[in-house]
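Written out below as structure tokens is the structure these notes cover.
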Amino acid sequence: MRVCGVELKGGEAILCVLSHDKGQFGVVELRQRMFAVSSSRPTDNIREFQDDIEKLLEDYQVNEVVIIERDQKGKNAGSATSFKMEAAIQLLNMQVSTISSATIKEQLKRNPVQADIDELGLKKFQHGAFKAAYAFQNQSIYLGENGGDE
């Protein structure tokens, strides 16, 4: 199974694809780790973003996408552009979920990463997306072992 973790910051979507096969995790090397939308006002910019993301996910045979949830209000609220980007990803013809920071933290505590994140070939800006994909995969495995839905 391949999961793409997505962290949305401002007008950027940061990606990390994590595979899980026979109990082994692996980071998939991507041709593009980040997509930026300079202005979300023109519809064409969001459509182009959506097409680019969709092509990448198809090329790397991603099964599911998980997006880190952002606050809708307050000083840490996500930008309007990031919510448009999230909607564009959610409308793709594939399974898309969201994951909270609390769930990521809980899963990382329960199942710590066994390797140094810096040694996995990730750029520093990808750490959040990696943690989302890793936590989501672990949550799916844990629920699967206990009779829950995957």
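Only the coordinates and a few stated rules stand behind these numbers; no lab work does. Keep in mind it's a predicted model, so treat the numbers as computed, not measured. Note: ideal-geometry Cβ built from the backbone for every residue, glycine included; neighbour counts use all protein chains shown.
Treat every Asp and Glu Cβ in region 2-145 as -1 and every Lys and Arg Cβ as +1, leave all other atoms uncharged, and give the resulting dipole magnitude about the Cα centre to the nearest 20 debye.
Values: 18 positive and 20 negative charges, 102 e Å.
With only Lys, Arg, Asp and Glu charged at Cβ, the dipole is about 500 debye.
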Subject >> FRET efficiency, 1/(1 + (r/R0)^6) with R0 22 Å, evaluated for Q95 and K22 via beta carbons >> reply: 0.55
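Take each of the peptides 2-15, 60-73, average the number of other beta-carbon atoms within 10 Å over its residues, and list them starting from the highest. If you can, show how the numbers build up before the last one.
On the way: 2-15: 21.6, 60-73: 17.1.
My ranking of the peptides, most packed first, is 2-15, 60-73.
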**OP:** Would you mind checking the pairs K55/K75; K75/K124; K22/K109 and listing those with alpha carbons more than 32 angstrom apart?
**Re:** K55/K75
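Is it possible to state the helix-based mean residue ellipticity at 222 nm for the chain, with each DSSP H run of 4+ residues giving -39500 (n - 2.57), the sum divided by total residues, to the nearest 500 deg cm²/dmol? What is it? Before the final figure, lay out the partial values.
Working: 4 runs with 57 residues, N = 150.
Counting only the DSSP helices, I get -12500 deg cm²/dmol.
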Original post:
Taking Rh as the Kirkwood radius, which is the inverse of the mean 1/r over Cα pairs, what is the Rg/Rh value for region 5-150?
Top reply: 0.96
Original post:
Using a basic spin-label model with each label point 7 Å from the Cα along Cα→Cβ, how many nm lie between D51 and L30?
Top reply: 2.0
